[in-house]
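Written out below as structure tokens is the structure these notes cover.
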């Protein structure tokens, strides 16, 4: 299936074209995706701690997620997928950008990792009846159209008792100033046009849509020091945030 054949209502063709142009740069740690590499190291620690707690695993083990079936939505070049695979998870990464899938699959082969990468949409997996122990929805929701339908599809992919991580940028004036004008235009940490204010998502929008089916296990803001480029946790969720939700069993 080619990118042109993916016709889900949540897909924004402009977003597909944008990331197609950048696909070859995913694993260049000094290239346009360097903030994602820095962020990935930070968020993997968060996922490791919180996912282990949710499933009664020992986060200190070398491969604490052995046997867990994990879906990485919008996996890009596979940066997060590879990190989870190294922790023992059975990872499926899905993308709507064909070049990204090729980049991710090739890099996984070079790394000796068994990861299933697919050119697919979440609604396609729903139709296939797929379910996962954990769904990673990281820096994706701010790029989709038809957010409610997209969240509904993501929810169906989480098995009862399973969890979903959501990370995104809040739709606030502070986020406009810091995450878009600051990061893209002033500091030039990200290519201009990576984010659009109208598509940013408030945490309450996620919780309101999923609240009848999921319980919120944890939430946190994420901050970055512009001088050291180091990420950290914050009580304030006005710019970047992460949520961990668990699907109810009844």
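The values are calculated or read from the model by the stated rules, or taken from the named source; none is laboratory data. This is a predicted model, so every value here is computed, not measured. Every residue, glycine as well, gets a Cβ built from its backbone with ideal geometry; the counts of neighbours run over all protein chains shown.
Listed residues 31, 56, 76; which is at pLDDT below 95 and on the phi > 0 side of the Ramachandran plot?
Of the residues listed, the single one that is at pLDDT below 95 and on the phi > 0 side of the Ramachandran plot is 76.
Hand me the list of strands (runs of 3 or more DSSP E) wholly inside segment 200-250 holding 1 or more residues that are within 16 Å of the chain's Cα centre (by Cα) and surrounded by 13 or more Cβ atoms within 10 Å (Cβ to Cβ).
Per the criteria, 214-224, 240-247.
Residue by residue, here is whether (1) surrounded by fewer than 13 Cβ atoms within 10 Å (Cβ to Cβ); (2) touching a helix residue (DSSP H, G or I) at 6+ places or on another chain (Cβ under 7 Å); (3) touching a residue at least 24 places away in the same chain (Cβ under 8 Å); (4) part of a helix (DSSP H, G or I) holds:
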site	(1), (2), (3), (4)
163	no, yes, yes, no
168	no, yes, yes, no
180	no, yes, no, yes
188	yes, no, no, no
195	no, yes, yes, no
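Return a yes/no flag: does segment 37-57 have any residue that is out of contact with any strand residue (DSSP E or B) (no Cβ under 8 Å at 6 or more places or on another chain) and farther than 21 Å from residue 167 by Cα.
Yes, segment 37-57 contains at least one residue that is out of contact with any strand residue (DSSP E or B) (no Cβ under 8 Å at 6 or more places or on another chain) and farther than 21 Å from residue 167 by Cα.
Can you find, within segment 74-94, the residue that is surrounded by the most Cβ atoms within 10 Å (Cβ to Cβ) among those that are assigned to a strand (DSSP E or B) and within 11 Å of the chain's Cα centre (by Cα)?
Among them, the one singled out is 93.
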